[in-house]
Each structure stands twice: as structure tokens, then as C-alpha cells.
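Chemist: Sharing a structure below in C-alpha cells format, with a few things to ask.
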Amino acid sequence: MRRLEADVVIIGGGATGAGVFRDCCLRGMRSILVERNDIASGTTGRNHGLLHSGARYVVTDSHSAAECIRENRTLKHIAGHCIEKTDGLFISLPEDGLSYQQDFINGCARAGIPTEILTPQQALQLEPSVNPALIGAVRIPDGTIDPFRITSANILDAREHGGTLLSDTKAVGLIIRMGHVQGIQCRDQRTGELFEIRARQVINATGAWCHEVMEYADLSVDMYHSRGALLIMGHRLNGMVINRCRKPGDADILVPGDTVSVIGTTSTHVGRHELETLEVTDEEVRVLLEEGSKLAPEMMNARVLRAYCGVRPLVSLSSDGSDRTISRGLVAIDHAESDALPGLITITGGKLMTYRLMAEVATDMAVRHLGVSEKCSTASKPLPGALLSDQDKSKGKNVQVGGYSLADSSLPKTVAGSAVYRHGERAKDFVKEDSKWCNAVVCECEVVTRGEILYAVDQLNARSLSDLRRRTRVGMGPCQGEMCACRTAGLLAESRSDQIDALDTLQDFIEERWKGVRPVLWGDGLREAEFSYWVQEGLLGLGSLRQQATCAANAVDTTADHTTADHTAQDEERTA
Ligand SMILES: Cc1cc2nc3c(=O)[nH]c(=O)nc-3n(C[C@H](O)[C@H](O)[C@H](O)COP(=O)(O)OP(=O)(O)OC[C@H]3O[C@@H](n4cnc5c(N)ncnc54)[C@H](O)[C@@H]3O)c2cc1C
């Protein structure tokens, strides 16, 4: 059996695992991260993208609130290209009254969250999409965070500091010798190969699945799997985050991000067996639209692009049975101390926006066991792509990309601007003033170029169309990959050395997209889906291409057989 060696092996490539991976690499430890699918394909890729100020938790969970505001400031400093500093409003509607507002403001003051009380007119001026019936509003420093980008930036930095990423690799067991965890057994999900990674510390960062890894060592944890559904609107309705100023409930946050707005969430307890079969129900869509349009009435007329849901990895340390009261705080378990099992650490709970802090806590535990003295530097070192100032990014003025300033560039501002918006100063690696080939647009909705796709394949470990979607936003726009998916699949197959099948990756991508579109098929969305079907099936015949490709392959095989047989016969004749 193949065996790899490291100081630390991290299981799980969500934001938390990616953060641990970066922290370990920056502290000089030889680190390997294993992820059973792609990075950010778990809960990290299925959330609201809210960079909490902490205000949402000030009344129910002041500890989480204080954690949030600290990390809010840190992430704005180290991850500028993954964050929009939109600020947020907590609005009170006539049915809410104003009594909650006072508790809310007091709670914010206790947690150190700055507030500004606004009149309804001031709120409407700042955010014209907000419900004009509001009776009060408070401004707080909420923002938005792109979960895919921040995970990818952490992984990129870790790899640039010597780390090894193994995607499509599932941890299937722990290696335990003499009461000490000494590594993991893995399975390559593509080839089925089993192999081992020997390491002095194993860090379990598998979020909602962390109980499974713990069970490999006969340990257990009381997870509370809380499922939440969200809807993506077809365009960006709001500039600021809009929250309801009341006890947290369904569909009370509207988050803008990139080109869209996201309304969420619901909250339902699900069993562990339901983690792999998550679907948004009609009832959830109804609640999200009905309640969401109370925040911004324009929502009722907007197109819904897709629906999705995820599961919060909450740990029920103590609870009254309702998931909204379980702490969103992080849970770090050093199994050496809690279960007399050295070599294993579990980090779970928390939130996307506290991923860095969670990583720091878990890595601090690991270095204590490994005798490493290097301190954590992730709170001060900017991530790759985060070196540009906000002004540089928004004005495109002094941004030097590929050796020229964006201001003097002859490229359309959308091309260079989108590249910088998504990848910060790293856009210089693929935006080339003099290369029409690189700057050709592949996805018109999100302005993704051929150069960006190849950069994601070469530098960001994208191996399929769905991976490319997570790295670049290709196929995420209003047409949901109608034409760009085909172009990108061809490009991907050409550019990878490991024989990617363009049809396979295209089919997977379309099926994955379909899951999100299906619950919201009406009006314009239905028309677009029908049009996509005509293009992909009627014009390109995608459904039958696989069959044709198989027939063609068989025909080649048969010809090859005949050719070999003919040669053999001729050779025999000649010999005779
Ligand atoms: C509906 C919803 C809305 C949310 N909104 C927000 C928000 O607005 N802001 C915020 O800050 N937080 C939000 N959260 C919380 C946040 O999304 C999560 O706390 C966070 O993403 C968890 O990240 P993680 O890395 O710990 O877990 P995950 O992202 O789930 O990562 C765990 C990874 O482990 C992998 N894995 C599992 N088992 C194995 C194995 N055996 N071998 C290898 N790999 C394995 C999985 O494939 C997965 O990729 C929301 C959550 C939900 C559900």
C-alpha cells in the first residue's frame, strides 16, 4: 500500500480545513489536506455568505457576537478580495414594533458592535430597496463574504508554503497504534486506490460529518444537524445587507453578493442519514419568498435563479431543543485530553466567518503536541489576492495587471475589472494586454475569460466544470451555463493532462445545475430552462452524444481488431 508522510494531516476541505491547512503550513509544518470531493463543496459552498457583524447574535448568544465582530475586522484586513464592506440594516416593520430594537442596541454595545440609529427616511435613502413601510432601522458593520474565494485563497497560500492538497480523497479510517492516532487510511475516490498517510497529528475538520471520523475511533459527539434553505435572486436587489430586527426567524436576511442577492434561511432539524440527500421543498420556497419580500418588496417581481440548502454543523452541548438557541460558537476537542486518545483533534461548530479563528485554535492545539514554537500569523498576513486596497479595486486606477495599469488598458473594463474583483493582484497571472486568446470571454454573464479558466486549472486545482464554477463563477449567471458550459468543458479537456472527459464533466455540471433550478421553475426561469434544453439537447444533441461516442469508440475497437487480425493473417501468409 502506498504511504505518504506528514507532520499534520487535515481531513475536510471546507473553509475550516482550508484555514487549518494554511495555518499549519505558515508555521512550517509538513501538511496534507484530504477532501473527499472538491474544496468548498460541503456546507462552506451552501451558505448565505454573510460576513456577520455579530449583531444577529447579540440578544441570544453574546459570546458568538463578540467572536464575530473580532473576526469581521480581521477578515476585512486579510481577505479584501473575498469581502464587500456593504454594511447592513436591521429594520423594524410595523408588525415587529420597536421594543426589540432597544435590547438589540444594548446587546451591540455590550459586544462592541458599533450602531447608528436611522429614521425610516434615512434608511430608504441609504438602501432604496428596503420595505418603505419600515418604522425604524439600525446600521451595523455587516458585509458579504465569498465562501468559494476565501477557501481557495487559503488553499493557494498553503500550497505556496509547501502543503499538499489531495481532493477526491476520502478518509476511511484512522491508524491507531498503542492508543495513539498515527495517521489515516484514505481512498482515492476516482481510482478506488487505498493508501495511508502517516502523521503525528490528525485534525478532523469535516464539519457536519465530524461524527463519522470520530466513530473511526469509537468516539461520539452530539451533533445537531440544522438544515437551512436559501434562494438566489436573478440580479442584485440590494446594496446593503438587510436584516429583520426581531428574534431570529425564517427568511429574515437578504444578502447581496457579486451579481445576485440571496434570501435565507429556514431552519429544520435533520437526521444524519439525510446529509447526502438535501432538497429544497415547495413550502420552503414559498416561505422564503413571502417573508423575504417583507424586507425588499421588489423581490416578489424578481426572477429566482436557483434554490439550495446546507446543514449547519452545530454541536448540542446544552439546548432547549431549538436549533436557533444552540451556540454558533466554535467547538474544539483535543481528544488527548477529553478521551485519552493523543494524535486526534476535532474542530467543528462555528461559522464560515469564524473559520480563521477556528483554524488558529485547532493549530495551537496541534503545535503544543508537536513542540512547534512558531506563532499564528494568519490574522495579520493578507491572503493571496488581498493586497490591493479597496480604492484600487473599485476604481481600477492604479491596479497594475500584467505590467500595465488598468486605467490605460485597451481591454473592456468588465474583463480586467472582473478578473481583479475575483482574484485581486493575482489577476496579473492571466490578464494579458496583448493576448486576444487569453482575454476571450468564455462566460458572458460573469465575464470569465479563457485565461481565468486556465489559471484556475493550473493554479487553483480545478479538475471539473463544477470545480471551475466554484473558482471563477463560470455558469453561475442568469443563463446557468447555457453555452459557456460547453465551451468551458472543451477548454478543460484540452488543458488538462489527465484525460478529462469533456462530456462526462458537462453532464455532471448540467445535472448539478438542474437540481438547483428545478424547485423554482416558473416564469422567466422556466423559459430560460426550456431554452437551455433546446440549445443543449436540440441543437447540440448532448443526451445522445455519449451514446454516439460509445458507438464510435466501439467501432474504432472493432476496426482495430480487424486491423490486427488482418496483419496477423498477412504476417502468417508471408511467413508461410
Ligand atoms: C443555510 C446556512 C447558512 C449559513 N450562513 C452563514 C453565513 O451567512 N455566514 C457564516 O459565517 N456562516 C454561515 N453558515 C455556517 C457555515 O456555512 C458553516 O459553519 C461553515 O461553512 C462550515 O465549514 P466547515 O469547513 O467546518 O465544514 P464544511 O464546509 O462542511 O467542510 C467539511 C468538508 O469535509 C469533507 N469531508 C467529510 N467527510 C470527509 C472524509 N471522511 N474524508 C475527507 N473529507 C471529508 C466534506 O466533503 C466537506 O467538504 C451557514 C450555514 C448554513 C447551513
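Chemist: So for the range 60-77 (the condition being buried (at least 17 other Cβ atoms within 10 Å of the Cβ), within 16 Å of the ligand (Cβ to nearest atom), on the phi > 0 side of the Ramachandran plot and not aromatic (F, W, Y)), does at least one residue qualify?
Modeler: Within the range 60-77, not a single residue is buried (at least 17 other Cβ atoms within 10 Å of the Cβ), within 16 Å of the ligand (Cβ to nearest atom), on the phi > 0 side of the Ramachandran plot and not aromatic (F, W, Y).
Chemist: Could we say that L26 is surrounded by fewer than 22 Cβ atoms within 10 Å (Cβ to Cβ) and under 27 Å from I184 (Cβ atoms) here?
Modeler: Spelling it out, L26 is indeed surrounded by fewer than 22 Cβ atoms within 10 Å (Cβ to Cβ) and under 27 Å from I184 (Cβ atoms).
Chemist: (1) in the same structural domain as I10 (by TED's automatic domain parsing); (2) touching a residue at least 40 places away in the same chain (Cβ under 8 Å); (3) buried (at least 17 other Cβ atoms within 10 Å of the Cβ): which one isn't true of I175, the others all being true?
Modeler: Only one criterion is unmet by I175, namely (2).
Chemist: Just checking: which of the strands (runs of 3 or more DSSP E) contained wholly in the range 254-373 hold 2 or more residues that are away from the ligand (no atom under 15 Å from the Cβ)?
Modeler: Strands (runs of 3 or more DSSP E) meeting the threshold: 304-315.
Chemist: Quickly run through the range 20-45 and pick out the residues that are in a loop (DSSP other than H, G, I, E, B) and either modelled with pLDDT under 95 or over 20 Å from R463 (Cα atoms) (or both).
Modeler: Scanning the range 20-45 gives R27, G28, M29, R30.
Chemist: Among the strands (runs of 3 or more DSSP E) confined wholly to the range 157-207, which include 2 or more residues that are of a type in the set (D, E, K, R) and within 11 Å of the ligand (Cβ to nearest atom)?
Modeler: Fully inside the range 157-207 and qualifying: nothing.
Chemist: Taking the stated definitions as given, is R236 of a type in the set (D, E, K, R), touching a strand residue (DSSP E or B) at 6+ places or on another chain (Cβ under 9 Å), assigned to a loop (DSSP other than H, G, I, E, B) and away from the ligand (no atom under 14 Å from the Cβ)?
Modeler: yes
Chemist: Shifting gears a bit: Would you check if Q499 is modelled with pLDDT under 90 and part of a helix (DSSP H, G or I)?
Modeler: Answer is no for this residue.
Chemist: Restricting the range 211-233 to residues that are near the ligand (Cβ under 8 Å from one of its atoms), of a type outside the set (V, I, T) and at pLDDT 95 or above, which is nearest to G19 (Cα to Cα)?
Modeler: That would be E212.
Chemist: Among the residues of the range 260-283, count how many are acidic (D, E) and in contact with a helix residue (DSSP H, G or I) (Cβ under 8 Å, 6 or more places away or on another chain).
Modeler: 2
Chemist: Also, I was wondering about something else. Name every residue in the range 384-443 that is in a strand (DSSP E or B) and either among the hydroxyl-bearing types (S, T, Y) or at pLDDT 90 or above (or both), in order of residue number.
Modeler: Matches in the range 384-443: Y404, S405, V441, V442, C443.
Chemist: Moving to a separate point now. Could you go through the range 238-253 and let me know if any residue there is at pLDDT below 95 and under 30 Å from D339 (Cβ atoms).
Modeler: Scanning the range 238-253, I find no residue that is at pLDDT below 95 and under 30 Å from D339 (Cβ atoms), so the answer is no.
Chemist: Take the conditions assigned to a strand (DSSP E or B) and either under 23 Å from A153 (Cα atoms) or modelled with pLDDT of 90 or more (or both) and apply them to V457. Does it pass?
Modeler: It is false that V457 is assigned to a strand (DSSP E or B) and either under 23 Å from A153 (Cα atoms) or modelled with pLDDT of 90 or more (or both).
Chemist: Further question on the same structure: Among the residues of the range 6-24, which ones are near the ligand (Cβ under 10 Å from one of its atoms) and of a type in the set (D, E)?
Modeler: none
Chemist: What residue, of R27, R46, R3, is within 15 Å of the ligand (Cβ to nearest atom) and among the charged types (D, E, K, R)?
Modeler: R46
Chemist: If you don't mind, another one. Among the residues of the range 64-86, are any aliphatic (A, V, I, L, M), under 27 Å from P297 (Cβ atoms) and at pLDDT 95 or above?
Modeler: Looking through the range 64-86, none of the residues is aliphatic (A, V, I, L, M), under 27 Å from P297 (Cβ atoms) and at pLDDT 95 or above.
Chemist: Oh, and also: Cβ-Cβ under 7 Å, sequence separation 6+ or interchain: first residue in the range 183-203 and within 22 Å of D364 (Cα to Cα) and assigned by TED's automatic domain parsing to the domain that holds A336, partner surrounded by fewer than 21 Cβ atoms within 10 Å (Cβ to Cβ) and of a type in the set (S, T, N, Q). Which pairs?
Modeler: So the pair list comes out as R198/Q182.
The values are calculated or read from the model by the stated rules, or taken from the named source; none is laboratory data. Because the structure is a prediction, the values reported are computed rather than measured. Positions of Cβ are backbone-derived with ideal geometry, glycine not excepted, and every protein chain shown enters the neighbour counts.
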